[in-house]
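Q: Pasting a structure here, questions to come.
Here, each number is a calculation from the coordinates, and none is a lab measurement. Keep in mind that what you see is a predicted model, and the values were worked out from it rather than measured. Every residue, glycine as well, gets a Cβ built from its backbone with ideal geometry; the counts of neighbours run over all protein chains shown.
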Amino acid sequence: MREVVRARGHEHVAATHGSTFEVTTDDWLTPAGDCIVGVEADRAPADFADAFADACRDPAATITLRLAAADATHEVAARGHPDLTFESDRSAVVRTSTYVDDRTVAVGADAAAADLDRSLVAALAGGADCTLTLAVE
């Protein structure tokens with residue numbers, strides 16, 4: 001099962017956060033938002049299919065996240081968690097930790113914003129359109 005979120009980069013994308021990355025439906029970004037890699041997302045976790053959310057609640061689930069912009073991509077491996085709610089109507093956050101709130105879509109990720117391919121980050125900082133694809137097994 002998979003979900004796809006389309007967003008765009010922003011001039012303030014820095015992608016320096018060491019434990020998360022985020023895509024938001026907000027149309028703005030301040031320099032303090034160092035985990036945000038995409039704005040104006042067309043969907044948020046609350047829009048995801050119930051079956052997808054249920055599959056992600058399995059602690060044994062493997063969630064693969066693929067972020068693509070321009071000619072650059074980065075794939076991140078993460079896990080599911082039984083406390084994932086998929087209730088946020090604003091943003092999707094991927095975490096390297098096991099912390100869960102209504103924005104969290106995956107935990108135990110093997111990469112955060114600071115780990116993303118720098119050519120991808122440059123494209124996002126240039127305002128490129130981006131796609132975040134989430135697949136759960």
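Q: Got a sec to turn the phi values of region 55-72 into Karplus ³J(HN,Hα) couplings, 6.51 cos²θ - 1.76 cosθ + 1.60 with θ = phi - 60°, whole Hz, x for Gly and Pro?
A: Per-residue couplings from phi come out as 5, 6, 7, 6, x, 8, 5, 9, 10, 9, 10, 10, 9, 9, 8, 6, 9, 10 Hz.
Q: Taking region 1-57, which GluC sites (Glu not before Pro) meet the DSSP loop condition and have no more than 13 other C-beta atoms within 10 Å?
A: Counting only loop positions with at most 13 other Cβ atoms within 10 Å, the GluC sites (Glu not before Pro) in region 1-57 are GLU11.
Q: Also, quick follow-up: Given C-alpha coordinates of region 40-93, what is the ratio Rg to Rh with the Kirkwood estimate of Rh?
A: 1.00
Q: Taking the Cα centre of region 2-136 as origin, work out the dipole magnitude from +1 charges on Lys and Arg Cβ and -1 charges on Asp and Glu Cβ, in debye rounded to 20.
A: Using Cβ point charges on Lys, Arg, Asp and Glu, region 2-136 gives about 260 debye.
Q: What number comes out for the charge environment of PHE52, summing +1 per Lys or Arg and -1 per Asp or Glu over other residues with Cβ under 9 Å away?
A: Here the count lands on -2.
Q: For the chain, what proportion of DSSP beta bridges, expressed in % and rounded to the nearest 5, is antiparallel?
A: Around 90 percent antiparallel, to the nearest 5.
Q: Let me ask another. Do any chymotrypsin sites (Phe, Trp or Tyr not before Pro) in region 1-90 lie in a loop, going by DSSP, with at most 15 other beta-carbon atoms within 10 Å of their beta carbon, and if so which?
A: Here the chymotrypsin sites (Phe, Trp or Tyr not before Pro) that fit, given the DSSP loop and packing criteria, are TRP28.
Q: Once you compute Rg and the Kirkwood Rh from C-alpha atoms, what is the Rg to Rh ratio for region 66-137?
A: With Rh from the inverse mean 1/r over Cα pairs, Rg/Rh is 0.98.
Q: Taking every pair of distinct Cα atoms and averaging 1/r, then inverting, what Kirkwood hydrodynamic radius in Å comes out for the chain?
A: 14.2 Å
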